[in-house]
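Notes to accompany the following structure.
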Amino acid sequence: MNHAGVVEAIAPGKHKALGLSAEQLLEMYFKMLLTRALDERAWALNRQGKLPIVGASTGHEAAQTGAAMAMDRGRDLFFPYYRDICLLLTVGVTAQEMMLGFWAKAGNPLSGGRQFPTHGAYPKYRIYNISNVVGPHGPEAVGAALAAKMRREPAVVLFCCGDGGTSQGDWHEAMNFAAIHRLPVVFFCENNALAISVPASKQMAVENVSDRAQGYGMPGVTVNGVDPLEVYRAVREAAERARRGEGPTLVEAKVERIMPHTSDDDDRRYRSPEELAEARKRDPIPLFRDYLMAEELLTEETDGEYRRRAQAEVDEATEFAEKAPQPDPSTLFDHLWATPPGRKGG
Ligand SMILES: Cc1ncc(C[n+]2csc(CCOP(=O)(O)OP(=O)(O)O)c2C)c(N)n1
């Protein structure tokens with residue numbers, strides 16, 4: 001199952017009404033291209049037996065870059081989930097740092113190579129723990145928003161999850177608590193209509209994730225998640241509302257998952273070729289490229305340059321990460337709550 005339908009071009013001049021500059025648009029486009037190049041490389045390296053497991057944000061790039069751009073990077077707090085590669089890159093994480101994570105190398109700033117790729121935290125960018133457990137980062141995000149409110153800090157929290165994540169009890173508790181206490185949170189759901197192999201229709205009896213917002217007393221909106229400008233607009237409005245002290249908003253971006261759930265998944269067992277072909281029609285990269293060209297912000301030539309630059313960054317990152325040292329086994333039990341008997345920990 002997916003959201004396939006008519007793919008409409010992005011309305012002419014849309015970015016101007018949103019106050020987005022050409023530089024900002026091109027930054028978003030480049031991050032989308034960089035993410036795609038990283039995803040493709042990581043998948044190929046996995047198939048060569050070099051990377052243990054990878055997930056891809058392919059199909060989600062527009063939603064992720066649009067949401068990250070709408071936040072105040074450097075001041076706001078980010079609680080992403082494992083598929084948010086383009087979001088991390090837009091917030092500031094580099095391709096090299098991501099690649100170190102894919103290779104589980106010691107230099108990976110998110111977890112030091114101790115976790116799945118794209119898991120861990122990055123305090124420098126106010127990126128909080130990206131956990132493999134679906135859901136619990138909801139209450140954590142809300143707790144951080146409560147702390148910000150109590151300290152009278154102007155920070156807004158961006159919390160991200162998939163449609164499956166909204167089936168977890170933690171998500172509902174987080175929504176409820178945030179609404180009651182009017183906390184500065186944007187609940188951002190990247191709805192690709194699949195939780196591994198389980199379709200959204202088997203996860204919820206309502207049509208949209210955003211329909212659930214009303215039950216908690218907060219606004220909920222659904223936007224076309226393959227249009228980065230539409231996502232930017234909705235998340236910006238939600239963040240401004242939160243900054244004014246008016247509380248949380250649920251923003252649902254309808255996106256497509258164009259790849260299997262992870263490299264360990266065989267989606268041919270539950271997805272027909274026709275369905276996948278429909279999803280591919282909603283690939284956000286050609287859609288945004290067409291818009292940038294129509295707005296005369298991109299040419300065939302500059303598009304080629306951006307693509308070559310993205311590829312070169314990924315090539316360099318791959319080479320760097322492959323040669324980088326493995327985590328030192330003697331540090332295995334560092335940073336744990338408890339050290340197993342007879343072991344050293346720090
Ligand atoms: C509490 C918990 N239950 C189950 C899993 C296994 N699991 C990992 S990802 C996933 C699907 C999540 O789907 P969704 O939230 O829609 O995000 P998507 O991967 O589609 O972007 C599941 C069930 C888990 N990691 N944690």
task: Go through region 70-85 and give me each residue that's away from the ligand (no atom under 16 Å from the Cβ) and not charged (D, E, K, R).
output: Ala70, Met71, Gly74, Leu77, Phe78
Residue that is farthest from Leu229 (Cα to Cα) [pool: residues in region 50-69 that are more than 16 Å from the ligand (Cβ to nearest atom) and more than 13 Å from the chain's Cα centre (by Cα)]: Lys50
task: Restrict the check to region 318-332 and report whether at least one residue is of a type in the set (Phe, Trp, Tyr), at pLDDT 95 or above and within 28 Å of Leu158 (Cβ to Cβ).
output: no
message: Taking the conditions exactly as written (free of Cβ contacts under 8 Å to residues at least 12 places away in the same chain and loosely packed, with under 12 Cβ neighbours inside 10 Å), does Pro340 satisfy them or not?
response: yes
message: Can you report the number of residues in region 202-215 which are of a type outside the set (Lys, Arg) and either under 24 Å from Val54 (Cβ atoms) or within 13 Å of the ligand (Cβ to nearest atom) (or both)?
response: 3
query: Just a yes or no: is a residue in region 314-324 over 23 Å from the mean Cα position of the chain (by Cα) and farther than 20 Å from Arg36 by Cα?
result: yes
- prompt: Are there any pairs with C-beta distances below 6 angstrom linking a residue in region 159-176 that is within 15 Å of Arg83 (Cβ to Cβ) and in contact (Cβ under 8 Å) with a residue 60 or more places away in the chain to a residue that is near the ligand (Cβ under 7 Å from one of its atoms) and part of a strand (DSSP E or B), with the two at least 6 apart or on different chains, and if so which?
  reply: Gly162/Glu190
- request: Output the helices (runs of 4 or more DSSP H) that fall wholly within region 1-76 and possess 1 or more residues being without any contact (Cβ under 8 Å) to a residue 60 or more places away in the chain and β-branched (Val, Ile, Thr), or say none.
  value: 22-47
- request: For Ile180, indicate whether it is near the ligand (Cβ under 8 Å from one of its atoms) and either surrounded by fewer than 17 Cβ atoms within 10 Å (Cβ to Cβ) or free of Cβ contacts under 8 Å to residues at least 24 places away in the same chain (or both).
  value: no
query: Does region 224-237 contain at least one residue that is part of a loop (DSSP other than H, G, I, E, B) and either closer than 26 Å to Val142 by Cβ or at pLDDT below 95 (or both)?
result: yes
- line: When region 251-273 is checked residue by residue, the ones that are more than 15 Å from the ligand (Cβ to nearest atom), under 25 Å from Arg47 (Cβ atoms) and not in a loop (DSSP other than H, G, I, E, B) are Arg268, Arg269, Pro273
- line: When region 183-193 is checked residue by residue, the ones that are within 16 Å of the ligand (Cβ to nearest atom), farther than 12 Å from Val251 by Cα and surrounded by 24 or more Cβ atoms within 10 Å (Cβ to Cβ) are Asn192
task: Could you list, in sequence order, all residues of region 107-157 that are within 16 Å of the ligand (Cβ to nearest atom), buried (at least 24 other Cβ atoms within 10 Å of the Cβ) and farther than 22 Å from Ala42 by Cα?
output: His137, Gly138, Ala141
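The values are calculated or read from the model by the stated rules, or taken from the named source; none is laboratory data. Quantities reported herein were computed from a predicted structural model and do not represent experimental measurements. Cβ sites come from the backbone with ideal geometry, for glycine too, and all protein chains shown count toward neighbours.
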